[in-house]
Amino acid sequence: MSSDGPSAHILHADLDSFFASVEQRDDPALRGRPVIVGGGVVLAASYEAKAYGVRSAMGGRQARELCPQAIVVPPRMEAYSTASRAVFAIFRDTTPLVEPISIDEAFLDVGGLLRVSGTPVEIATTLRRRVHHEVGLAITVGVAATKFLAKVASAVGKPDGLLVVPVGTELDFLHPLPIERLWGVGRVTSAALRSRGIQTVGDVADLEMSALVSILGPASGRHLYALSHNHDPRPIRVGQRRRSIGAQRALGSRRRSDEELDAILVGLVERIAPRLRSGARRCRTVVLRLRFDDFTRATRSHTLPAPSDSTDALLSVLRGLLDGALPKIRTDGLTLLGISLSGLGDADSEQLELPFPTLTHGRAPIDAGRLDGTLDAIRDRYGATAISRAVLLGRDPGIAMPVLPDER
């Protein structure tokens with residue numbers, strides 16, 4: 001923020017088709033050709049493949065029907081993590097005010113760097129050039145006075161672009177855009193609005209807040225009303241620890257047995273619980289996420305009586321939630337199974353529970369925390385598959401997506 005009023009000082013930097021771009025960078029034979037990362041489910045598609053309608057999370061068979069000439073490559077998660085770290089090093093060398101969003105995008109506040117680094121547009125230009133020269137990837141940057149509008153600008157500016165929304169022109173830029181550009185407008189919300197003839201952001205802005213609330217409910221109605229008028233006072237947040245973590249597994253169209261679903265759930269918990277412990281976190285609420293054959297979604301959640309990072313405790317709760325959903329799964333099919341742990345807190349700040357453990361035959365009861373810690377140490381040293389539950393032996397563990405490290 002400058003001394004003479006608001007300025008377009010927020011950058012949203014977003015790598016273009018990140019996984020596919022890394023593959024094209026590392027294999028010159030893939031450049032300029034349609035590339036799909038992942039076979040069973042599309043993890044990423046190059047812009048050449050997107051031109052045929054291929055999208056992330058699409059089934060591999062459908063993607064190949066849309067683009068038969070596409071080159072399908074297996075994912076290389078370590079390569080993507082390495083590229084992400086290199087890009088974030090450039091972000092943090094640009095400004096100390098960096099708010100990561102995912103491994104391939106972040107907000108940057110450059111409002112106080114005029115005398116040091118130049119105007120926000122000059123800084124964005126330099127950042128894009130450095131990412132291209134030092135990491136070999138294209139990145140799009142949106143520049144605006146709010147986080148919301150900077151993110152919209154980067155989306156409109158793709159691929160490999162720089163789009164600035166000057167102060168005073170925000171609504172002229174925003175209002176002609178389709179309603180799907182608003183955060184929070186997904187398939188269901190879009191259908192609810194479009195069925196009433198509401199097609200652009202400007203159409204949303206023309207409504208009274210009470211009308212939006214009557215259509216979408218209080219939370220969504222007020223949220224979209226504020227965004228349609230570019231009301232977004234959120235500052236860049238640095239060093240803020242994440243409030244939830246999750247993992248999911250796309251299942252494709254094949255029906256899965258109850259035993260297969262249980263094994264997939266076990267694999268997800270075994271993947272995510274060590275992340276809790278490595279960050280010295282505990283969770284309070286456990287959420288099971290489901291997507292059915294007709295693309296409808298459902299969640300089931302349970303709040304623990306006390307925060308936990310125990311693999312067995314989390315698995316027990318999630319198995320109960322999955323059991324309760326099995327009748328609908330058997331009827332409607334399941335294409336995605338995911339878990340989310342929220343209400344995260346620091347493990348060393350939790351209050352001890354009463355009563356304290358008692359001795360049994362002169363010995364303390366088994367300490368689940370020590371067992372989890374031992375298993376984590378073995379996997380850290382010898383690899384994730386060094387020790388495993390029997391139910392996972394011989395099964396495809398799925399793809400572990402790279403994640404940002406949890407800030408401390």
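Some observations on this one:
- Degrees separating the helix 258-278 axis from the principal Cα axis of the chain, which is the longest one: 70
- When the convex hull of its Cα atoms is projected in every direction, mean area for the range 178-237 (nm²): 4.1
- Taking a point 7 Å out from the Cα of H133 in the direction of its Cβ, the residues of the range 81-106 whose backbone N falls within less than 16 Å of it are 87, 90-91, 93-94.
- Split the accessible area of the chain by element, probe 1.4 Å, and carbon with sulfur accounts for 53%.
- Distance between the pseudo-spin-label points of S81 and A192 (7 Å out from Cα toward the beta carbon): 3.9 nm.
- Solvent-free Debye calculation, one equal scatterer per alpha-carbon of the range 188-337: log10 I(q)/I(0) at 0.17, 0.19 Å⁻¹ equals -1.02, -1.06.
- Sum of -39500 (n - 2.57) over DSSP H runs of 4+, divided by residues of the chain (222 nm, nearest 500): -12000 deg cm²/dmol
- Average accessible surface for the chain: 52 Å² per residue, computed with a 1.4 Å probe over protein heavy atoms with every protein chain in place.
- Springs join every pair of Cα atoms under 10 Å in this Gaussian network model of the chain, and among I36, I198, I245 the largest mean-square fluctuation is at I198.
- For the range 77-151, alpha-carbon Rg over 2.2 N^0.38 Å: 1.07
- Cα centroid separation, the range 226-288 to the range 125-183 (Å): 27
- Rolling a 1.4 Å probe across all protein chains gives S21 an accessible area of roughly 30 Å².
- To the nearest 10, the accessible area of Y52 is 110 Å² with a 1.4 Å probe.
- Residue with peak Gaussian network fluctuation, the chain [Cα springs, cutoff 10 Å], from A205, A155, A250: A205
- Modelled spin-label separation between L171 and D27, with each label point placed 7 Å from Cα along the Cα-to-Cβ direction: 5.1 nm.
- Taking amide H as placed 1.01 Å from N in the peptide plane, the amide H of S301 sits under 5 Å from that of L288, each at least 5 places away or on another chain.
- Taking all pairs of distinct alpha-carbon atoms in the range 137-196, Kirkwood radius in angstrom: 12.4
- Overall dimensions of the range 262-320 by Cα: Rg and Dmax, Å: 12.2, 39
- Among S190, S228, S154, the largest mean-square fluctuation in a Gaussian network model of the chain (Cα springs under 10 Å) belongs to S190.
- With N counted as the residues of the range 28-123, its alpha-carbon radius of gyration over 2.2 N^0.38 Å works out to 1.42.
- With Cα atoms, 0 to 90° folded angle of helix 147-157 axis to the chain main axis: 70
- Both the radius of gyration and Dmax for the chain are 23.4, 76 Å, in that order, over alpha-carbon atoms.
- For K147, the solvent-accessible surface computed with a 1.4 Å probe is close to 10 Å², ligands and nucleic acids excluded.
- Taking GluC sites (Glu not before Pro) as exposed when their DSSP state is a loop state and no more than 16 other Cβ atoms lie within 10 Å, the longest site-free interval of the chain runs over 1-207.
- Kirkwood-Stokes translational diffusion coefficient of the range 84-229, alpha-carbon pairs, 37 °C, 0.692 mPa s, µm²/s: 198
- Rounded to whole Hz, the Karplus (6.51, -1.76, 1.60) HN-Hα couplings of the range 210-226, x for glycine and proline: 4, 5, 5, 4, 5, 7, 10, x, x, 5, 5, x, 5, 4, 5, 4, 4
- Computed from the C-beta positions of A377 and R115 and an R0 of 60 Å, the FRET efficiency is 0.75 to the nearest 0.05.
- Helix 311-332 vs. the chain, principal-axis angle (Cα, 0 to 90°, nearest 10): 70
The values are calculated or read from the model by the stated rules, or taken from the named source; none is laboratory data. Only a predicted model underlies this, so the values are computations on that prediction, with no experimental measurement involved. Glycine gets a Cβ as well: all are built from the backbone with ideal geometry, and neighbour counts include every protein chain shown. SASA here: full protein model, heavy atoms, side chains in, ligands and nucleic acids out. Shrake-Rupley method; radii C 1.70, N 1.55, O 1.52, S 1.80 Å.
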